[in-house]
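Reading through the structure tokens given below for one structure.
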Amino acid sequence: MTIQRMDHVGVVVDDLEAAVAFFVDLGMELEGRAPIEGHWVDRVVGLGGVRVDVAMLRTPDGHGRLELTKFHAPRAVSPVPENAPGNTLGLRSIMFAVDDVDAAVAALRAHGAELVGEVAQYQDDYRLCYVRGPEGIIVALAEQLS
């Protein structure tokens, strides 16, 4: 058995519209939206009475996808601590390659994103940073220099 590819990363959000706008401004393309409910989804996620709205986005190259999910039922639960630092166990960041890290940070600040640390350069290869995005998720940005 081998995997074929990574299909997508899923992120649960409270404000689906704001999260979609954030990632669209970053450069992702909205593939579609759909309400999802029913016995089959209850079985997949191990919860009862699931009712969600999902938005699927893809990177411009068509290889990366992000699923944003708004739970209506059962109600989503908040992580503790709410804005977990980068060394917290579990999913902490999603990294995107960008052509201009400063322009990307400026665009995302319009959506309330804040730098977690600062923009830093790794050797002569990359400029990198973390920004805190929707629902506290850390969005890592990397601009290749060489």
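The values are calculated or read from the model by the stated rules, or taken from the named source; none is laboratory data. None of the values given here were measured: they were computed from a predicted structure. In this analysis, Cβ positions are derived from the backbone assuming ideal geometry, glycine residues included, and neighbour counts consider all displayed protein chains.
Kindly evaluate Ala104 against the criterion of being over 16 Å from the mean Cα position of the chain (by Cα), farther than 16 Å from Glu17 by Cα and at pLDDT 95 or above. So that I can check it myself, show each step before the final result.
On the way: over 16 Å from the mean Cα position of the chain (by Cα): no; farther than 16 Å from Glu17 by Cα: yes; at pLDDT 95 or above: yes.
No: the conditions fail for Ala104.
When only residues in the range 86-101 that are in contact (Cβ under 8 Å) with a residue 12 or more places away in the chain and over 16 Å from the mean Cα position of the chain (by Cα) count, which is surrounded by the fewest Cβ atoms within 10 Å (Cβ to Cβ)?
Among those residues, the one meeting the criterion is Asp99.
Kindly indicate whether Gly27 is closer than 17 Å to Ile138 by Cα, surrounded by 14 or more Cβ atoms within 10 Å (Cβ to Cβ), out of contact with any helix residue (DSSP H, G or I) (no Cβ under 6 Å at 6 or more places or on another chain) and not hydrophobic (A, V, I, L, M, F, W, C). Walk me through how you get there before you give the answer.
Numbers: closer than 17 Å to Ile138 by Cα: yes; surrounded by 14 or more Cβ atoms within 10 Å (Cβ to Cβ): yes; out of contact with any helix residue (DSSP H, G or I) (no Cβ under 6 Å at 6 or more places or on another chain): yes; not hydrophobic (A, V, I, L, M, F, W, C): yes.
Yes; evaluated as a whole, the condition is true for this residue.
Filter the range 1-51 down to the residues that are assigned to a strand (DSSP E or B) and aliphatic (A, V, I, L, M), then identify the one that is nearest to Val77 (Cα to Cα).
First, the residues of the range 1-51 that are assigned to a strand (DSSP E or B): 9-12, 29-37, 51.
Now drop any that are not aliphatic (A, V, I, L, M), which leaves 9, 11-12, 30, 34, 36.
Details: Val9: 19, Val11: 13, Val12: 10, Leu30: 26, Ala34: 21, Ile36: 19 Å.
Step by step, filter the range 1-51, then rank; the result is Val12.
Among Val54, Val131, Val139, which is the only one that is within 14 Å of the chain's Cα centre (by Cα), assigned to a strand (DSSP E or B) and over 20 Å from Leu30 (Cα atoms)? Lay out the reasoning, then the answer.
On the way: Val54 fails: over 20 Å from Leu30 (Cα atoms); Val139 fails: over 20 Å from Leu30 (Cα atoms).
Of Val54, Val131, Val139, the one residue that is within 14 Å of the chain's Cα centre (by Cα), assigned to a strand (DSSP E or B) and over 20 Å from Leu30 (Cα atoms) is Val131.
Looking at the range 42-61, is at least one residue among the charged types (D, E, K, R) and either closer than 22 Å to Cys129 by Cα or in the same structural domain as Leu108 (by TED's automatic domain parsing) (or both)?
From the range 42-61, those among the charged types (D, E, K, R) are 42-43, 51, 53, 58, 61; that's our starting set.
Now drop any that are not either closer than 22 Å to Cys129 by Cα or in the same structural domain as Leu108 (by TED's automatic domain parsing) (or both), which leaves 58, 61.
Yes: one or more hits.
Do you know which residues across the range 103-128 are in a helix (DSSP H, G or I) and touching a residue at least 40 places away in the same chain (Cβ under 8 Å)?
Our first condition is that a residue be in a helix (DSSP H, G or I); within the range 103-128, this holds for 103-109.
Ala104, Ala107, Leu108 - these are the residues of the range 103-128 that are in a helix (DSSP H, G or I) and touching a residue at least 40 places away in the same chain (Cβ under 8 Å).
Are there any pairs, at least 6 apart or on different chains, whose C-beta atoms fall under 8 Å, with the first in the range 30-41 and of a type in the set (A, V, I, L, M) and the second assigned to a helix (DSSP H, G or I) and surrounded by 10 or more Cβ atoms within 10 Å (Cβ to Cβ), and if so, which?
Final answer for the pair search is Leu30/Val20; Leu30/Val24.
Among the residues of the range 129-146, write down those that are surrounded by fewer than 14 Cβ atoms within 10 Å (Cβ to Cβ) and without any contact (Cβ under 8 Å) to a residue 40 or more places away in the chain.
Leu145, Ser146
Based on this model, can you work out whether Gly62 counts as out of contact with any Gly (no Cβ under 7 Å at 6 or more places or on another chain) and either assigned to a strand (DSSP E or B) or surrounded by 10 or more Cβ atoms within 10 Å (Cβ to Cβ) (or both)?
Numbers: out of contact with any Gly (no Cβ under 7 Å at 6 or more places or on another chain): yes; either assigned to a strand (DSSP E or B) or surrounded by 10 or more Cβ atoms within 10 Å (Cβ to Cβ) (or both): no.
Judged against the criteria, Gly62 is not a match.
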